[in-house]
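The values are calculated or read from the model by the stated rules, or taken from the named source; none is laboratory data. In this text the structure is predicted, and so the values were computed from the model without any measurement. Using ideal geometry, Cβ is built from the backbone for each residue, glycine included, and neighbour counts are taken over all protein chains shown. Note: accessible area is taken over every heavy atom of the protein model, side chains too, but ligands, DNA and RNA are not part of it. Shrake-Rupley method; radii C 1.70, N 1.55, O 1.52, S 1.80 Å.
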Amino acid sequence: MCGIIGYTGSSQALPVLIQGIRLLSYRGYDSAGVSVWREGALHVRKDPGRIEDLAPSWDPDGLAGTTGIGHTRWATHGVPNRANAHPQQAGETTEDGGLVSLVHNGIVENDLALRETLEAEGVAFRSDTDTEILAHLFARAFQGDPVAAARVLLDRCRGQFAVAIQHRDLPDTLIAVRRGSPLLVGLGVRENLLASDLRPLVGRADRVMELGESEIVIVTPDAVHLFDASGAAIERETRAIDHTERDTGKDGYPHFMLKEMHEQPERLYELVAGRIDPEGRVLRMDDLGLTDEQWRSFERVDLVAAGTAFNACAYGAYLLESMARIPARALMAHEYESRDPVLDERVLVIAVSQSGETMDTKIALQVALDAGAATLAVLNVRESVIGRMAGGVLDMHAGPEIGVASTKAYTGMLCSLLLLALKASRARCIADAPIAEIAQALWALPDAVRTALERFDEAAAAAQDVRRADHMLYLGRGPDAATASEGALKMKEISYIHAEGHPAGEMKHGPIALVSREMPTVAIATAGPWRERMLGNVREVRAREGEIILVATDGDPDAAKLADFVLSVPATHPLVAPIVNAIPLQILAYETARRRGCDIDQPRNLAKTVTVQ
Ligand code: AGP
């Protein structure tokens, strides 16, 4: 959570910082702030709110200067208000007078003890944040050597953090230190930058370097000096930035979510075409670092993730068990460590994550690595924390996803896990695995998804109806139990309607008590072995006067008779269907949220990347 940007060079810092905050807002957006060095002082502006609303009030004259840091926040310690916004200052009491300005991503776990100690030493805190502790510690430790002062942060603070710091006495200098949370250094011509991810660096810096674990960096316009935790100077390779790596415009769409939904056919095509031929004879997966022999030796697969990625894991586990015949289970990453899972080299642990930065998923993966399990990550950002930890990476190739509600990354995850299950089936010589049929369906998938997107009006009509609902139920069976959970998650995330997703077989065991005229039920009953029983559940809901929104395959003879609204999708293989079935549920959530006037790309209380536990 939280985004950090820093700039030092020959240009004005403020526009670079504002643009950086804008590009990093997916990481949190409840407040933002900047600090710029000008005429011997650190000038800070910060407030709760979105950068679009705050930036116009930050006067360029008062903030004229060529070195500064900026921050976009997702609150962990203290409500979003001006005092708790970053930068936090230390050394003096006025906003334009601090000795130190500091921005932070992560959590200081021993904050209470440190706060008590500092208070006993006479420090008066002005915020509820753990970040202010870092600022005071740095200010008090600084005796002219920023590396020595930064080492104090590493020595005294527990937890995960990345910080960027300015000191009033170091005009053209940024100081950064990192443990756990990511931080990049962008190198340009007579200018250098710091950023939480690559986006703010693309188009500005030519090369990038990642700050390693427990490392310190001192950045000036002409130099970048790297130090390890002992204060010894170290060297690090840089890599050239590919200037196509950022794709941040809405391309005329009113929301990133809508744009990203429409990117799905193209993204899926790239993923499929890169991995499998239309007959399913060739499966290109050699880069994953798993041999056929390993696939044959695995006795279990644990898929770990959070949120949307967890829903994808439920689908992946279903495929690996039913098709590739490996016992497989999807587990919420945040629950993994506490169950002390039985792990060794015969278990494959697959971490699934769009960002590759989710702390819960990272910790689950570390548990697997520590126990000697084989590991693989299904990611959208290969160059990420999880990407560097895992034994192999399957890149879902969804491209940058900015909307907080995951859409193209979800279908990218499903498609990646399906390809993986095909690979596992082949490696394990499962004679009846329908590899050729699924390969054929995968090559037809981009068109099926495109067609589903063209049926926008069907879901929009249903949205017009459900927009007044307070509660919704989503039901699916087999691999579409995951679709039901994901549909419900999309709805609650962006429209704030309480929505529950359940395997339909669970209905009679409790959830059916909720059914009423006021509670619409979305049922996924596309062609396949589960359709008949799904329609049985639909009838049960109807018998209790519940409204039905039915996801059905084109030409379904019963759909119109049983449903108040039909969301039709093209026919495909039943195991591929969950990828297509996700589309009308994305549209339904989007159109409902739009009608309810919700902030679709930045829903309340959420952040795109959850880098705290
Ligand atoms: C999905 O719409 C959400 N943004 C959220 O559930 C997300 O999937 C979850 O936080 C995991 O993120 P990751 O894929 O980046 O690990």
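If only residues of the stretch 422-444 that are surrounded by fewer than 21 Cβ atoms within 10 Å (Cβ to Cβ) and part of a helix (DSSP H, G or I) are counted, the one that is farthest from the ligand (Cβ to nearest atom) is Ala436. For the residues Thr129, Thr173, the requirement of being free of Cβ contacts under 8 Å to residues at least 60 places away in the same chain and on the phi < 0 side of the Ramachandran plot singles out Thr129.
How about the stretch 500-530: which of its residues are touching a Pro at 6+ places or on another chain (Cβ under 9 Å) and more than 14 Å from Ser485 (Cβ to Cβ)? Within the stretch 500-530, Thr526, Ala527, Gly528, Pro529, Trp530 qualify. Filtering the stretch 257-304 to residues that are exposed (fewer than 13 other Cβ atoms within 10 Å of the Cβ) and under 23 Å from Glu321 (Cβ atoms) leaves Thr291, Glu293, Arg296, Glu299. What about Ala139, is it crowded, with 20+ Cβ neighbours inside 10 Å, modelled with pLDDT of 95 or more, closer than 18 Å to Ile5 by Cβ and touching a Leu at 6+ places or on another chain (Cβ under 6 Å)? For Ala139, the condition - crowded, with 20+ Cβ neighbours inside 10 Å, modelled with pLDDT of 95 or more, closer than 18 Å to Ile5 by Cβ and touching a Leu at 6+ places or on another chain (Cβ under 6 Å) - is not met. Scanning the stretch 12-34 for residues that are open to solvent by 10 Å² or more (accessible area, probe 1.4 Å), part of a loop (DSSP other than H, G, I, E, B) and modelled with pLDDT under 95 gives Tyr29, Asp30. Scanning the stretch 485-517 for residues that are under 21 Å from Gly536 (Cβ atoms) and within 14 Å of the ligand (Cβ to nearest atom) gives Ser485, Gly487, Ala488, Gly501. Among the residues of this structure, Asp564 counts as one that is touching a residue at least 24 places away in the same chain (Cβ under 8 Å), closer than 21 Å to Ala452 by Cα and more than 16 Å from the ligand (Cβ to nearest atom).
With the structure loaded, tell me whether Tyr474 is in the same structural domain as Gly536 (by TED's automatic domain parsing), within 16 Å of the ligand (Cβ to nearest atom) and either touching a helix residue (DSSP H, G or I) at 6+ places or on another chain (Cβ under 9 Å) or of a type in the set (D, E, K, R) (or both) or whether it fails that test. So that I can check it myself, show each step before the final result.
Numbers: in the same structural domain as Gly536 (by TED's automatic domain parsing): yes; within 16 Å of the ligand (Cβ to nearest atom): yes; either touching a helix residue (DSSP H, G or I) at 6+ places or on another chain (Cβ under 9 Å) or of a type in the set (D, E, K, R) (or both): yes.
Considered against the rule, which asks whether it is in the same structural domain as Gly536 (by TED's automatic domain parsing), within 16 Å of the ligand (Cβ to nearest atom) and either touching a helix residue (DSSP H, G or I) at 6+ places or on another chain (Cβ under 9 Å) or of a type in the set (D, E, K, R) (or both), Tyr474 comes out as yes.
Among the residues that make up the stretch 558-569, is at least one of them in a helix (DSSP H, G or I), touching a helix residue (DSSP H, G or I) at 6+ places or on another chain (Cβ under 6 Å) and surrounded by fewer than 20 Cβ atoms within 10 Å (Cβ to Cβ)? Taking every residue of the stretch 558-569 in turn, at least one turns out to be in a helix (DSSP H, G or I), touching a helix residue (DSSP H, G or I) at 6+ places or on another chain (Cβ under 6 Å) and surrounded by fewer than 20 Cβ atoms within 10 Å (Cβ to Cβ).
Checked against the criterion of being more than 16 Å from the ligand (Cβ to nearest atom), more than 19 Å from Lys508 (Cα to Cα) and of a type in the set (Val, Ile, Thr), the stretch 459-469 has at least one qualifying residue.
Any residue that is without any contact (Cβ under 8 Å) to a residue 60 or more places away in the chain, open to solvent by less than 10 Å² (accessible area, probe 1.4 Å) and over 22 Å from the mean Cα position of the chain (by Cα) - is there at least one of those in the stretch 478-488? Checked against the condition, which is being without any contact (Cβ under 8 Å) to a residue 60 or more places away in the chain, open to solvent by less than 10 Å² (accessible area, probe 1.4 Å) and over 22 Å from the mean Cα position of the chain (by Cα), the stretch 478-488 yields no hits at all. Going by the structure shown, is Val610 open to solvent by 40 Å² or more (accessible area, probe 1.4 Å), within 16 Å of the ligand (Cβ to nearest atom) and among the aliphatic types (A, V, I, L, M)? Against the criterion (open to solvent by 40 Å² or more (accessible area, probe 1.4 Å), within 16 Å of the ligand (Cβ to nearest atom) and among the aliphatic types (A, V, I, L, M)), Val610 qualifies.
Restricting attention to the stretch 53-64, the residues being of a type in the set (D, E, K, R) and either over 26 Å from Trp74 (Cβ atoms) or modelled with pLDDT under 90 (or both) number 2. Of the strands (runs of 3 or more DSSP E) contained entirely in the stretch 196-311, those carrying at least 1 residues that are within 16 Å of the ligand (Cβ to nearest atom) and on the phi < 0 side of the Ramachandran plot fall at 300-305.
If you filter the stretch 573-607 down to residues that are surrounded by fewer than 22 Cβ atoms within 10 Å (Cβ to Cβ) and part of a helix (DSSP H, G or I), you find that the one that is farthest from the ligand (Cβ to nearest atom) is Arg595. If the condition is being within 11 Å of Arg595 (Cβ to Cβ) and surrounded by 17 or more Cβ atoms within 10 Å (Cβ to Cβ), then the stretch 463-476 contributes Ala463, Val466.
Tell me, which strands (runs of 3 or more DSSP E) wholly within the stretch 314-421 include 1 or more residues that are open to solvent by 10 Å² or more (accessible area, probe 1.4 Å) and within 14 Å of the ligand (Cβ to nearest atom)?
Values: elements: 328-332, 347-353, 374-379, 393-395.
In the stretch 314-421, 328-332, 393-395 are the strands (runs of 3 or more DSSP E) which contain 1 or more residues that are open to solvent by 10 Å² or more (accessible area, probe 1.4 Å) and within 14 Å of the ligand (Cβ to nearest atom).
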